[in-house]
Amino acid sequence: MDPQAPIVIVGAGQAGMQIAESLRQEGHVGALILCGEEPHPPYQRPPLSKKWLIDGGSINALAVRGPAVLERLKITLKTHCRITAIDRNRREVALADGSRLAYDRLALATGSLPRTLPIPGASLSGVLALRGIADSLAIGAAIRSCAAEGGRIVVIGGGFIGLEVAAAANKLGAQVTVLEGLARLMSRVTAPVVSESFARLHSAHGVQLVFGAQVAEIVAYEGHVAAVRTTGGQEYPAACVVVGIGVDPDDLLARSAGLACERGIVVDDCSRTSDPLIAAAGDCTARRLPSGELVRLESVQNAIEQGKSAAAALMGRTRPFVAAPWFWSDQFDVKLQMVGLSRGYDQVVTRGDLDKPAYSAFYFRSGRLLAVDSLNRISDHMQAKKLLDQGLSLTPEQAADPQFELTSLLKPRDATAGGA
Amino acid sequence: MSSAAMPRITYIEPDGRAVTLEVKPGLSLMRAAMEAGLEGIEAQCGGNCSCATCHCYVQPEWLDKLKPPSDDERLMLTNVAAERRTNSRLSCQLIAEKSLDGLTVRFPDRQS
């Protein structure tokens, strides 16, 4: 691997920035071109549906790194830069403005795109989705105007994004309805007991929750959204609609270029694609586990860890991403922290106080620990993370026993003061 | 803000390099380190006290001069990736103020 040859990174989000920084740490000294479609330097997305949406604040406060860092690391950031094609034979990418960029090696960090509703009215004015800063600003403005004028916000989708936006809107004084197609909240990722806790939390704050609501149409009045109608014929008045029904990996470029894709760019645990000169990281990927199973993660941790792996891969090194996946969500005063993947669980036990709520749900398959969701139980989360990272398990009985110390399974550590 | 009023914080990177930054009062030590591009910090959750990847060791003589950790921070510190020491803190919870001028913190060898 020639450390002098140019590397192009497509996508300037958290993953793209991590690849760039890690490439410098890995000793790449040649040109490093980071291409992003948005006008902003790399920024953090999680606050866009949480604190930043509620408090506002400067765009600079979201930046992953300060502007001086790009300069110091000699990372050429191209904003407003859309890549339209990858020519793997000539090792070039084509830009929307008609120009081309030559690469020696390439990294893809194109992220994901919010799913759109295939129903009439989905593109009306006042129907919003969340991906970037501009979307968060638009949603924030719509919430504030609803709060001021007494209009109602309808959130379609009771997953992380939908619920975080609902909590933010409620906190800002707007009336909120959440329409969820299935029978409970966050059903794709959590057990019923956790869904219940969040349903109680939102209801207690006055958020209206509707389950089994299949949306049929977004109804307009004078060109602007007025209501959401379900297949059952119910109409929910809406001054603004936020659609949060999940995201799809943005793998179009990779697919068009003939890279292996399967609902995401297929990578191994070292972030290598089917082309040895191309690595990929973050939301746009589907990672092949040693078991052959594909896993898609949408998280900051995934963007960062796969970003490190991708940089190493482009430098001819192996740096597998093996840590247990973790996620977090903030809704009202509940901090939800999740570690592991609960898919395929056959048993859930809880530990702690369900009413407060301050408890953790432990997911098992055949008695082996798969994942832990913690609601306001930070130490459970941190300890579970350690257990899963070390490939350790505990029994369901131990998890449920409040007297049992989770740390007793871990290697003991010394708590000594070390010099700063 | 004149630089005279900005506390100078020294960060020691895992490889031993010392970097001194003038940090705007009110800004967290994590945020200042991220903006400066320091390598020993990840801050994956962006300052939410959710990830413990902005772990640092505070020079012991400064420990008493800092606001004690909140319950959340104390709990997050129970299982940081690197060794937890009695002078371990999360830098996202340390807010710069004039009285911290001269503080030194060291980043551990790993954050995740």
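Got a sec? Which of A:Leu137, A:Leu101 is over 19 Å from A:Ser329 (Cβ atoms), in the same structural domain as A:Glu21 (by TED's automatic domain parsing) and either modelled with pLDDT of 95 or more or assigned to a strand (DSSP E or B) (or both)?
Sole residue among the options that is over 19 Å from A:Ser329 (Cβ atoms), in the same structural domain as A:Glu21 (by TED's automatic domain parsing) and either modelled with pLDDT of 95 or more or assigned to a strand (DSSP E or B) (or both): A:Leu101.
Residues in region A:275-287: is at least one of a type in the set (Val, Ile, Thr), touching a Gly at 6+ places or on another chain (Cβ under 6 Å) and closer than 20 Å to A:Gln175 by Cα?
No.
The conditions are (1) in contact with a strand residue (DSSP E or B) (Cβ under 6 Å, 6 or more places away or on another chain); (2) small (Gly, Ala, Ser); (3) surrounded by 19 or more Cβ atoms within 10 Å (Cβ to Cβ), and A:Ser195 fails exactly one of them. Which is it?
Going through (1) in contact with a strand residue (DSSP E or B) (Cβ under 6 Å, 6 or more places away or on another chain); (2) small (Gly, Ala, Ser); (3) surrounded by 19 or more Cβ atoms within 10 Å (Cβ to Cβ) one by one, A:Ser195 breaks only (1).
Restricting to region A:343-396, and then to whatever is free of Cβ contacts under 8 Å to residues at least 12 places away in the same chain and away from chain B (no Cβ under 13 Å), can you tell me which residue is farthest from B:Thr78 (Cα to Cα)?
Only one residue fits best here, namely A:Asp355.
Taking B:Met34 as meeting all but one of (1) surrounded by fewer than 22 Cβ atoms within 10 Å (Cβ to Cβ); (2) within 10 Å of another protein chain (Cβ to nearest Cβ); (3) not in a loop (DSSP other than H, G, I, E, B), write down the number of the exception.
(1)
On the given criteria, is A:Ser145 outside any loop (DSSP other than H, G, I, E, B), under 19 Å from A:Tyr43 (Cα atoms), in contact (Cβ under 8 Å) with a residue 12 or more places away in the chain and not assigned by TED's automatic domain parsing to the domain that holds A:Ala15?
no
Answer with yes or no whether A:Val219 is under 25 Å from A:Ser49 (Cβ atoms) and surrounded by 17 or more Cβ atoms within 10 Å (Cβ to Cβ).
The answer is no for A:Val219.
Is it the case that some residue within region A:341-356 is under 21 Å from the mean Cα position of the chain (by Cα), outside the structural domain of A:Asp283 (by TED's automatic domain parsing) and closer than 30 Å to B:Thr104 by Cα?
No, every residue in region A:341-356 fails to be under 21 Å from the mean Cα position of the chain (by Cα), outside the structural domain of A:Asp283 (by TED's automatic domain parsing) and closer than 30 Å to B:Thr104 by Cα.
What about B:Pro25, is it in contact (Cβ under 8 Å) with a residue 12 or more places away in the chain, part of a loop (DSSP other than H, G, I, E, B) and in contact with a Gly (Cβ under 8 Å, 6 or more places away or on another chain)?
Judged against the criteria, B:Pro25 is not a match.
Check A:Cys284, A:Cys261, A:Cys240, A:Cys270 and return the single one that is among the hydrophobic types (A, V, I, L, M, F, W, C) and in the same structural domain as A:Val210 (by TED's automatic domain parsing).
From the options A:Cys284, A:Cys261, A:Cys240, A:Cys270, the qualifying one is A:Cys240.
Return the total of residues in region A:3-22 being touching a strand residue (DSSP E or B) at 6+ places or on another chain (Cβ under 6 Å) and within 13 Å of chain B (Cβ to nearest Cβ).
Count: 1.
Residue-by-condition table, conditions (1) more than 8 Å from chain A (Cβ to nearest Cβ); (2) touching a strand residue (DSSP E or B) at 6+ places or on another chain (Cβ under 7 Å); (3) within 23 Å of A:Asp330 (Cα to Cα):
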position: B:Met6; (1), (2), (3): yes, yes, no
position: B:Gln44; (1), (2), (3): no, no, yes
position: B:Ser50; (1), (2), (3): no, yes, yes
position: B:Leu75; (1), (2), (3): no, no, yes
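Being buried (at least 19 other Cβ atoms within 10 Å of the Cβ), in contact with a Cys (Cβ under 6 Å, 6 or more places away or on another chain) and facing chain A (nearest Cβ under 7 Å), is that true of even one residue in region B:90-105?
Looking through region B:90-105, at least one residue is buried (at least 19 other Cβ atoms within 10 Å of the Cβ), in contact with a Cys (Cβ under 6 Å, 6 or more places away or on another chain) and facing chain A (nearest Cβ under 7 Å).
Can you tell me which residues in region A:361-388 are part of a helix (DSSP H, G or I), in contact with a strand residue (DSSP E or B) (Cβ under 9 Å, 6 or more places away or on another chain) and farther than 14 Å from A:Phe404 by Cβ?
Within region A:361-388, A:Ile378, A:His381, A:Met382, A:Lys385, A:Leu388 qualify.
A:Ile54 is checked against (1) touching a Gly at 6+ places or on another chain (Cβ under 6 Å); (2) more than 10 Å from chain B (Cβ to nearest Cβ) and fails just one. What number does that condition carry?
A:Ile54 satisfies all of (1) touching a Gly at 6+ places or on another chain (Cβ under 6 Å); (2) more than 10 Å from chain B (Cβ to nearest Cβ) except (1).
I need the full set of residues from region B:54-65 which are surrounded by fewer than 23 Cβ atoms within 10 Å (Cβ to Cβ) and either modelled with pLDDT of 95 or more or within 11 Å of chain A (Cβ to nearest Cβ) (or both), in order please.
Matches in region B:54-65: B:Gln59, B:Pro60, B:Glu61, B:Trp62, B:Leu63.
The values are calculated or read from the model by the stated rules, or taken from the named source; none is laboratory data. All of these numbers come straight from a predicted model, not from anything done at the bench. We place every Cβ from the backbone using ideal geometry, glycine too, and count neighbours over all the protein chains shown.
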